[in-house]
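Data block below; observations after.
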């Protein structure tokens, strides 16, 4: 009886995590296009991402009647209030640190350091918390994922700025903390409300700096479509799927789903921008997919 229930639950969690990783991967291209088309600073792009994503998710909850009791219903317990403040603060920390890392180093270095370090930090935190080493398959998939990511993002002769790497590590710590915080569910606080109000709180925290950087953008159809897509798909839908998947998965394999982001972005860049993925990159993609499959299928 327990086997028949556990297997579908684990399969649903894995599917949700894979969906989150793929949707995040579309966000890199959308954010890049939005920044260049609207002339926005990266902090402004991040603020729009969180604010629009939070507003759309909140509107969906209101329209479908899933926001029982309104905002007061969501915030009726101190545990729910603490959770939403923590999620919002970590959203702001993760986004800000990542974009500072990009500005100080490069997209590839910042992405590889941030996404590659988060599962390692989670593994260390899990060892400290449980006082036991991760399973063999978890370690194998973790090492394989890091090797695959390094090959996928490998750029000969590219140097890394120390300050940029430090901010990327701070971003990784923020994402790891977000995963740990949301791994346990708060009663009455589902993944979508967590995403909606967490994004709004994080976006509000980033707004002062974004306003200083400049948030004005041309009111044109393609720009508005990019803003809407950026807020809904790789933000509201992706994080709701991630938080849903966390409910039935170990934090370390769950965090590995973020590694699908650079893989998806690389494939999209080939299709949309005409970029080429060399032999080393294709090897990295194959190793990365194999490692993630191992993480989702092995106990």
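The values are calculated or read from the model by the stated rules, or taken from the named source; none is laboratory data. The structure presented is a predicted model; accordingly, all values stated were derived computationally and were not measured. Ideal geometry is used to build each Cβ from the backbone, glycine not excepted, and the neighbour counts take in all protein chains shown.
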query = For the subset of the stretch 104-144 comprising residues that are under 30 Å from residue 41 (Cβ atoms) and over 19 Å from the mean Cα position of the chain (by Cα), which member is modelled with the lowest pLDDT?
reply = 105
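Condition check ((1) modelled with pLDDT of 75 or more; (2) buried (at least 17 other Cβ atoms within 10 Å of the Cβ); (3) at positive phi) across all residues:
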| residue | (1), (2), (3) |
| --- | --- |
| 243 | yes, yes, no |
| 254 | no, yes, no |
| 258 | no, yes, no |
| 277 | no, no, no |
| 283 | no, no, no |
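Here is a list: 175, 197, 167. Which entry is at negative phi, in a helix (DSSP H, G or I) and under 14 Å from the mean Cα position of the chain (by Cα)?
Details: 197 fails: under 14 Å from the mean Cα position of the chain (by Cα); 167 fails: under 14 Å from the mean Cα position of the chain (by Cα).
Answer to the selection: 175.
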message = So residue 188 ticks every box in (1) outside any loop (DSSP other than H, G, I, E, B); (2) surrounded by fewer than 17 Cβ atoms within 10 Å (Cβ to Cβ); (3) touching a residue at least 24 places away in the same chain (Cβ under 8 Å) but one. Which box is left unticked?
response = (1)
Answer from 196, 205, 173, 225 - the residue that is surrounded by 18 or more Cβ atoms within 10 Å (Cβ to Cβ) and more than 27 Å from residue 113 (Cα to Cα) = 196
